[in-house]
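The values are calculated or read from the model by the stated rules, or taken from the named source; none is laboratory data. Predicted model, so just to flag it, every value in this text is computed and none were measured. Here the Cβ positions follow ideal geometry from the backbone for every residue, glycine too, while neighbour counts run over all protein chains shown.
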Amino acid sequence: MSDLKDGMPDDRIINEPMSEALSKRYLAYALSTITARALPDVRDGLKPVQRRILYGMRELKLNPEGGYRKCAKIVGDVMGNLHPHGDSSIYDTLVRLAQDFTVRYPLVDGQGNFGNIDGDTAAAMRYTESRMTHAAQLLLEGLDENAVDFRATYDENDEEPVVLPAGFPNLLANGATGIAVGMATSIPPHNAAELIDAARLLIEKPKATTAELMDFVKGPDFPTGGVIVEPYESMLDAYETGRGSFRMRARWNVEDTGRGTYQIIVTEIPYQVQKSRLIEKLSELIEAKKVPLLDDVRDESAEDVRLVLVPRAKTVEPDVLMESLFKLCDLETRFSLNMNVLHKGAPQVMGLKDVLQAYLDHRREVVVRRAEHRLEKIEKRLHLLEGYLIAYLNIDEVIRIIRTEDEPKPVLMDRFKLTDTQAEAILNLRLRALRKLEEMEIRGEHKQLLEEREELKLLIGSTRRQWTKVSKELKTARDAFDPDTELGRRRASFSDVKEVDLAAALEASKPKEPLTVVLSRQGWIRGMKGHGLDTDSVKFKDGDELYLIEEVMSTDKIILMSSDGRAFTLNADSLPGGRGHGEPIRLSIQLEDSVDIVDMFRFEGERKRVMASSTGYGFVVQESELESNRKAGKQAVNAGDGELVCCPEVEGDMIAVVGTNKKMLIFPLSDLPEMARGKGNKLQSYSGKAQLRDLITFDKRDGLIVMTGGRHRAFPEWKGWKGQRAQAGKVVPKGFPRGGTFTG
């Protein structure tokens, strides 16, 4: 190590803490990502790679009226001259700028395979060609007139624009997405004509509110269309703060197929949703029987989107079917709004008004700089024209000096008080330019330039004139995005969400069939068709047997109670069929191997049950408190060191409890609290290792009736075991089931 150090110059050795060195370098990387890669500039709405692609295409003279060039040529020039990154990032960006389903106003006119809405990627850059669109030309207009600053390229061999003049508000028109370090941006596309109208209002009324701007900018305008169902108040808040989201849905209509049947045709899907993935998701939902109202989905798309949704029955309401699909797949999505942009070189979250104002300030600066550039050109031209006029007025003398003098230039300058530039221009005049007609043209041009110079001076000296000029230029740009044209028309519309009682509609549409749910001792569950099942005919795996059985309807829900006190909910129609042995219950619920199922019953929200743990505690719970959509279930009973033993239905006003010590206690049900979850109160006291074994409720008018030997047996002397809750009780009466439970 010492040899290596001795062989290195001292200035290459940096002695600083590792944490400090990492912090500095990561900060530099983060700032580079934020300012030079991920976030768009508020003025032209472009990231550096997008700006360099457009500038590179301009340098190649790929105008809308000209021919196409290979994308490989464009990518190569941009990478070699402007963008110090890989060709794939440049080409991917170029492709995105050409996709009319990705950007609202494409900036690249592509020829060849540039991908599609199904998610297919573009062809390789050697196969595709492109040129700029008219929208891109609007962004670049004025670059030759000193409209913006230029900076050195990465290799300092050339210059590139810091920002484009931006003839229309591209940031909001085409939107932007990007992820930087510790921050991100997400801006949906909007209608350019609406943005220009709002910007012109802001010029006329600088104190206009966001609500007034929204009289023009109704909301996003996605290239794929769709229906925006976000409430106005929510959108107003999003545009004021710069943060929010927009809820959008597919556009659909009902197509009559005759004989009372119909099918639904989806013609527009939400922005950035891949059609192939959407169809795949719908097919999965149909296969998994999660959309009981939908029978089939077909893709009949050509150039336009056409998805056919076939309802399961003609009685299904179209609104109900679509509402069910909106909740389960990407026929409804949300697009987030986070207008985090670069403003004056720093990231900042801005609202709609602030973004438009920043854009207008940029356009005003462009107008002034172009005027100053034009004024400078006019001054130079007028200077030359004044020299020409002197030459025409003294044409004979000028010719004599040129013919007789060895060095005519200084003689001309001294004789007619000309500058070096004027004298040089006179000497370079062609003989044909000495015609009288040429003199008249020069005088006419001189007069015209004088008038233009005065107008430019007035423009540069008047803020009001500058804003008027900005407004006129925006009005001209609006013609390119005329709402009456195919490019400019609004594609996304707005609508209110229809109120549909989806749960009731789905419940009514489900087929109601009798099912018998069978759970085996080893935990295999199935739903067998019909009631009154002969249990002897039910087959199980070797070593397995019947554990629990419950008769339900296919529209019912099943509650499973586990020994650790959790309640699980299953839909009866989602259970595996009666063919075979079913499937392990642990595939449907998260049940540990050490935990068993204690009971299984049909869910009835109004019914009540008594939860009893082995430690002798219990409480009354309403079944509605047990329902859960979580695979992990819902914790209902805190069993402490014990476990849930039983949860019988409440069928009377008295409770009978029996322990493993064969002592029974009876007390009023009213002594127990009704709770949603918890441990409950003490039911019966035990000594030693004794625990609660079973519990039953009964009506004191009917008396205690238990199941013994497969028959019901009454115990009319039950009052002898009646006592106070939490007492130890007395030994069970003679004839009590030998199993020590109330069910034999």
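A few remarks follow.
- Criterion (out of contact with any strand residue (DSSP E or B) (no Cβ under 7 Å at 6 or more places or on another chain) and either closer than 26 Å to residue 60 by Cβ or free of Cβ contacts under 8 Å to residues at least 24 places away in the same chain (or both)) met by exactly one of 197, 144: 144
- Any hit, the range 668-681, residues being in contact (Cβ under 8 Å) with a residue 60 or more places away in the chain, closer than 28 Å to residue 634 by Cβ and in contact with an Asp or Glu (Cβ under 6 Å, 6 or more places away or on another chain): no
- Matching residues, the range 71-109, being of a type in the set (Gly, Ala, Ser) and within 28 Å of the chain's Cα centre (by Cα): 86, 88, 89, 98
- The range 566-578 residues that are surrounded by 17 or more Cβ atoms within 10 Å (Cβ to Cβ), paired with ones that are in a helix (DSSP H, G or I) (beta carbon under 8 Å, 6 or more apart): 567/626; 569/626
- Matching residues in the range 336-356 - criterion: being basic (Lys, Arg) and buried (at least 18 other Cβ atoms within 10 Å of the Cβ): 353
- Among the residues of the range 133-142, some residue qualifies, meaning at least one is under 29 Å from the mean Cα position of the chain (by Cα) and among the small types (Gly, Ala, Ser).
- Taking the range 587-606 as the range and being surrounded by fewer than 15 Cβ atoms within 10 Å (Cβ to Cβ) and either more than 20 Å from residue 514 (Cα to Cα) or not assigned by TED's automatic domain parsing to the domain that holds residue 568 (or both) as the test, the residues that pass are 587, 590, 592, 593, 594, 606.
- Counting only strands (runs of 3 or more DSSP E) that sit completely within the range 240-317, those holding 3 or more residues that are in contact (Cβ under 8 Å) with a residue 40 or more places away in the chain and buried (at least 16 other Cβ atoms within 10 Å of the Cβ) correspond to 243-249, 261-268, 307-311.
- Set 81, 63, 116: member being over 28 Å from residue 477 (Cβ atoms) and in contact (Cβ under 8 Å) with a residue 60 or more places away in the chain: 81
- Applying a threshold of 6 Å to beta carbon distances and a minimum spacing of six or more residues, or different chains, the list of pairs starting in the range 596-620 at a residue that is free of Cβ contacts under 8 Å to residues at least 12 places away in the same chain and under 30 Å from residue 522 (Cβ atoms) and ending at one that is surrounded by fewer than 23 Cβ atoms within 10 Å (Cβ to Cβ) and hydrophobic (A, V, I, L, M, F, W, C) is empty.
- Residue in the range 30-42 that is surrounded by 16 or more Cβ atoms within 10 Å (Cβ to Cβ) and without any contact (Cβ under 8 Å) to a residue 24 or more places away in the chain present: no
- Selection status of residue 316, modelled with pLDDT of 95 or more and of a type in the set (A, V, I, L, M): no
- If you check 337, 328 for being part of a loop (DSSP other than H, G, I, E, B), of a type outside the set (Asp, Glu) and closer than 26 Å to residue 244 by Cβ, only one passes: 328.
- For the range 613-632, residues that are in a loop (DSSP other than H, G, I, E, B) and over 30 Å from residue 660 (Cβ atoms) total 6.
- Taken over the range 685-744, the criterion of being within 11 Å of residue 656 (Cβ to Cβ), assigned to a strand (DSSP E or B) and touching a helix residue (DSSP H, G or I) at 6+ places or on another chain (Cβ under 8 Å) is satisfied by 697, 704.
- Of everything in the range 671-695 that is hydroxyl-bearing (Ser, Thr, Tyr) and surrounded by fewer than 17 Cβ atoms within 10 Å (Cβ to Cβ), the residue that is nearest to residue 617 (Cα to Cα) is 685.
- Looking across the range 244-286, the residues that are over 30 Å from residue 184 (Cα atoms) and of a type in the set (Ser, Thr, Tyr) come down to 257, 261, 262, 267, 283.
For every residue, the table says whether it meets (1) assigned to a helix (DSSP H, G or I); (2) at pLDDT below 95; (3) farther than 18 Å from residue 63 by Cα.
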| residue | (1), (2), (3) |
| --- | --- |
| 94 | yes, no, no |
| 97 | yes, no, no |
| 109 | no, no, no |
| 135 | yes, no, no |
| 156 | no, yes, yes |
| 165 | no, no, no |
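- Test: residue in the range 462-475 that is surrounded by fewer than 12 Cβ atoms within 10 Å (Cβ to Cβ) and farther than 21 Å from residue 382 by Cα: yes
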